[in-house]
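First the structure, in the form of structure tokens, and then the observations on it.
The values are calculated or read from the model by the stated rules, or taken from the named source; none is laboratory data. The shown structure was predicted, so the numbers you read here are calculated from the model rather than taken from an experiment. A quick note on method: Cβ atoms are made from the backbone with ideal geometry, for glycine too, and the neighbour counts reach across all protein chains shown.
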Amino acid sequence: MKKIISFLILCVISVGLIGCSKDNKTVDNPLSNKQVEKQVTYNEIAKTVYNQLPKEQKEEINLDYKQIDIDKTILKENMGNISDKSYIEKEVYVINFTIKDKNTKPNNRIVYATLDENKVIGYGYVE
């Protein structure tokens, strides 16, 4: 009788361990899918803004998407050279491009763009 009970307990534990280990391997990570979608969107924003820049700026900017920071902020008048003043006190994209030449100081360019059309509306001050 003890052998049968021990065997049944061993079977239940084995099934439980096998079932748990397979669940961990097949679960999709929904956060990674959202991160990929966000990255694709940010790459599109960066490319759209980059294409609007003057030729001289395009030549100096590093278009490596891993080195481009994109964020949102409320635009203030003292944040840079703003060409479209109607966006002051509104939320806009801040795109921070790095410069190809590592010896150039400052080594970045800040561009402000609209949320709806990704239209360049100004350039930020850099130190």
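Selection over the range 85-118 of residues that are surrounded by fewer than 16 Cβ atoms within 10 Å (Cβ to Cβ) and under 17 Å from Pro54 (Cα atoms) gives a count of 1. Residue count for the range 71-127 under the criterion of being of a type in the set (Asp, Glu) and either touching a His at 6+ places or on another chain (Cβ under 8 Å) or assigned to a strand (DSSP E or B) (or both): the result is 2.
Out of everything in the range 46-70 that is in contact (Cβ under 8 Å) with a residue 60 or more places away in the chain and part of a helix (DSSP H, G or I), what residue ends up being nearest to Gly124 (Cα to Cα)?
We begin by selecting, within the range 46-70, every residue in contact (Cβ under 8 Å) with a residue 60 or more places away in the chain; these are 48-49, 52-53.
Adding the requirement that they be part of a helix (DSSP H, G or I) leaves 48-49, 52.
Details: Thr48: 18, Val49: 14, Gln52: 16 Å.
Only one residue fits best here, namely Val49.
Here Ile88 fits the description: among the aliphatic types (A, V, I, L, M), out of contact with any Phe, Trp or Tyr (no Cβ under 7 Å at 6 or more places or on another chain) and closer than 14 Å to Lys72 by Cα. Restricting the first member to the range 78-105 and to residues that are within 19 Å of Ile61 (Cβ to Cβ) and among the acidic types (Asp, Glu), and the second to residues that are assigned to a strand (DSSP E or B) and modelled with pLDDT of 95 or more, no beta-carbon pair is closer than 7 Å while six or more apart or on different chains.
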